[in-house]
1. Would you check if THR286 is in contact with a helix residue (DSSP H, G or I) (Cβ under 7 Å, 6 or more places away or on another chain), modelled with pLDDT of 95 or more and of a type outside the set (A, V, I, L, M, F, W, C)?
2. Among the residues of segment 354-373, write down those that are of a type in the set (Phe, Trp, Tyr) and under 20 Å from MET390 (Cβ atoms).
3. Any residue in segment 62-70 that is surrounded by 20 or more Cβ atoms within 10 Å (Cβ to Cβ), under 23 Å from the mean Cα position of the chain (by Cα) and of a type in the set (S, T, N, Q)?
4. Looking at the structure I just gave you, is VAL100 out of contact with any Lys or Arg (no Cβ under 9 Å at 6 or more places or on another chain), modelled with pLDDT of 95 or more, in a loop (DSSP other than H, G, I, E, B) and in the same structural domain as ARG287 (by TED's automatic domain parsing)?
5. Being touching a Pro at 6+ places or on another chain (Cβ under 6 Å) and under 24 Å from TYR293 (Cβ atoms) is the requirement here; does GLY439 meet it?
6. Checking the conditions here, which among ALA363, ALA356 is modelled with pLDDT under 90, crowded, with 21+ Cβ neighbours inside 10 Å, closer than 25 Å to VAL24 by Cα and in contact with a strand residue (DSSP E or B) (Cβ under 6 Å, 6 or more places away or on another chain)?
7. Can you tell me which residues in segment 529-538 are outside any loop (DSSP other than H, G, I, E, B) and crowded, with 20+ Cβ neighbours inside 10 Å?
8. Look at PHE460 and say whether it is under 30 Å from PHE331 (Cα atoms) and among the hydrophobic types (A, V, I, L, M, F, W, C).
Amino acid sequence: MAVSRAALRLMPTAPDALRAAVNVALLKPDSLQSIGQLLELQALKNPEKDCLIFEHMRWNYRDFNLWVNRIALVLKSRGVKHGDTVGVLFENCPELLACVAATVKLGAIAGMLNPNQRGEVLRHSMEVIKPAVLIVGNECTETLQTAIPKKHRGSLWFWVGEGVAPNGMESLPYAVASVGAGDTPISIAETRKIKASDPCYLIFTSGTTGMPKAAVMTHLRWLKSGYGIGQMAMRLRAEDVFYCPLPFYHNSALTLCWSAVLTTGSTLAMARKFSASRFWDEIRETRATAFVYIGELCRYLLARPPSITDTQHRVRVMIGNGLRSEIWEEFQQRFDVPHICEFYGSSEGNLVFINALGLSRTAGFSAQAYAIVGFDTQTEQAERNANGFMKRVPRGEAGLLITEVTENSPFDGYTDTRANEAKLLRNVFKRGDTWINSGDLVREQGFRHIAFVDRVGDTFRWKGENVATTEVESALATIPGVEQGSVYGVAVPHADGRAGMAAIVMAAGAKFNPGAAGRSLVQALPVYAVPIFVRLISAHETTATFKIRKVDLKQQGFDPQVVGDPLFVLLDRKKGYEPLTQAIHDEILHGRVKL
């Protein structure tokens, strides 16, 4: 691998990286270190420094910390204590971050609910986290009404908005105002008792099968991310501004971005949502020097017409995952970003690969224990030899990434113990060892660097989100006349991830109504989970254990010349599905249709 321009520029900051490595080494599970303690430290050290920027509003570290403490005092007065879960349902806004910080300062756990979920799926998520208190933003009150869980109607519900709170909810802003700024301490007593190993968040991830699962994030992993990624890999300093357009119910925003900011005393610039047309304007307005991305975000930005302002910014580093190798150099050259800090990790995993040296087309390096082993794509299982052990694949060959569970690299996993066990592989290279199945195929590049190849199993990624097929299949089953449906991802030219495709068997005598079916799925599912393509088939091929075989369906894709069955495509969400003609297919292949 050739030394990159970014690597040369990073050499003078090597002492910063060394200090970050020391900080990571000093983190111990039983140490009294936490997110809240770090926020209080920054408020004491840098009280006037900008902590948060949001739509022309600014909070310095002192004022943000006092705001957080007033919320914490309200929650404490309502009975929230160490180990309780506080449900948080917001779109991006400063109140979201303040409520999360207040929760974790008490040693409680913030259950990060996805505002894109609806009905049964959101209800399931709330049942999983079992919140003692639920805090909901004004923009999410209607969403909540679709999923009010019967078991938790007795929980205390706070509402964040202007004016009078809806029936059954208490106004959090009103309660906070009653505390009074003059009566607010700079620190919360409970914060000093929190251990690094204590949980701080529950982050929902689709995993590989089933309904969304809640992955456990600890203060320890959050702090490791801040020191290891923010300080060591990105080389952030106090004068930096880190722009984040991603949703804060995701770890990329809540852990990666926020931990990088707090550990370095820099500034977080939060966007309400990603906008390709406004992205670089907001970068310039906030004077951002760094931003976070997902691969699809980069493709949207490249699709915008070139402008003489493309390089008129202060960004020196971008960090994220999913940047496709075929657009890597094009993006870097067009927008003149010196350091692309691609990384690989997961909410439930125990290691991170990070491209700290700014090398091209790599997910980076990891010093932790990992292996890439043989994988059978037909059975979707890791291969074992005659002795029952797995075998590492040669460099350059794709295989299943697995990571070892050790005392220093524990598996925090999910709230569901059965889901945890399904994620673990035992007796991998020797009797008694335990490894985590990442569910991803990767390729060893040398010098402990990897490149991502593809996800395995039923889950696929689209629009930067994991799509669980069982969730979509449940929605298909509610469409009149559908006897059986299977969902899988298909590759689409000029798009990151895989688009959802449904193969549907209609009941005898029933007819498929494409318009109504499309509108029904749009109402029932998050935007990213609605299948783009539908294929009508007479029957599913199944295994001996009655598992639907999707291999041939995936390979055949959505080409009318290959598929003899009726095909439909979702081009207009208001109209629903329409027949997929050869002409439309060709337009998709040439990137002239946005899906």
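The values are calculated or read from the model by the stated rules, or taken from the named source; none is laboratory data. Remember, predicted model here, so these are calculated numbers, not experimental data. FYI the Cβ positions are ideal-geometry reconstructions off the backbone, even for glycines, and counts take in every protein chain you see.
1. Numbers: in contact with a helix residue (DSSP H, G or I) (Cβ under 7 Å, 6 or more places away or on another chain): no; modelled with pLDDT of 95 or more: yes; of a type outside the set (A, V, I, L, M, F, W, C): yes.
Judged against the criteria, THR286 is not a match.
2. Residues of segment 354-373 of a type in the set (Phe, Trp, Tyr): 365, 370.
TYR370 - this is the single residue of segment 354-373 that is of a type in the set (Phe, Trp, Tyr) and under 20 Å from MET390 (Cβ atoms).
3. Within segment 62-70, not a single residue is surrounded by 20 or more Cβ atoms within 10 Å (Cβ to Cβ), under 23 Å from the mean Cα position of the chain (by Cα) and of a type in the set (S, T, N, Q).
4. On the way: out of contact with any Lys or Arg (no Cβ under 9 Å at 6 or more places or on another chain): yes; modelled with pLDDT of 95 or more: yes; in a loop (DSSP other than H, G, I, E, B): no; in the same structural domain as ARG287 (by TED's automatic domain parsing): yes.
Considered against the rule, which asks whether it is out of contact with any Lys or Arg (no Cβ under 9 Å at 6 or more places or on another chain), modelled with pLDDT of 95 or more, in a loop (DSSP other than H, G, I, E, B) and in the same structural domain as ARG287 (by TED's automatic domain parsing), VAL100 comes out as no.
5. Numbers: touching a Pro at 6+ places or on another chain (Cβ under 6 Å): no; under 24 Å from TYR293 (Cβ atoms): yes.
No: the conditions fail for GLY439.
6. Working: ALA356 fails: in contact with a strand residue (DSSP E or B) (Cβ under 6 Å, 6 or more places away or on another chain).
Being modelled with pLDDT under 90, crowded, with 21+ Cβ neighbours inside 10 Å, closer than 25 Å to VAL24 by Cα and in contact with a strand residue (DSSP E or B) (Cβ under 6 Å, 6 or more places away or on another chain) holds for just one of ALA363, ALA356, which is ALA363.
7. Filtering segment 529-538 for residues outside any loop (DSSP other than H, G, I, E, B) gives 529, 533-536.
Answer for segment 529-538, where residues must be outside any loop (DSSP other than H, G, I, E, B) and crowded, with 20+ Cβ neighbours inside 10 Å: ALA529, PHE533, VAL534, ARG535.
8. Working: under 30 Å from PHE331 (Cα atoms): yes; among the hydrophobic types (A, V, I, L, M, F, W, C): yes.
Against the criterion (under 30 Å from PHE331 (Cα atoms) and among the hydrophobic types (A, V, I, L, M, F, W, C)), PHE460 qualifies.
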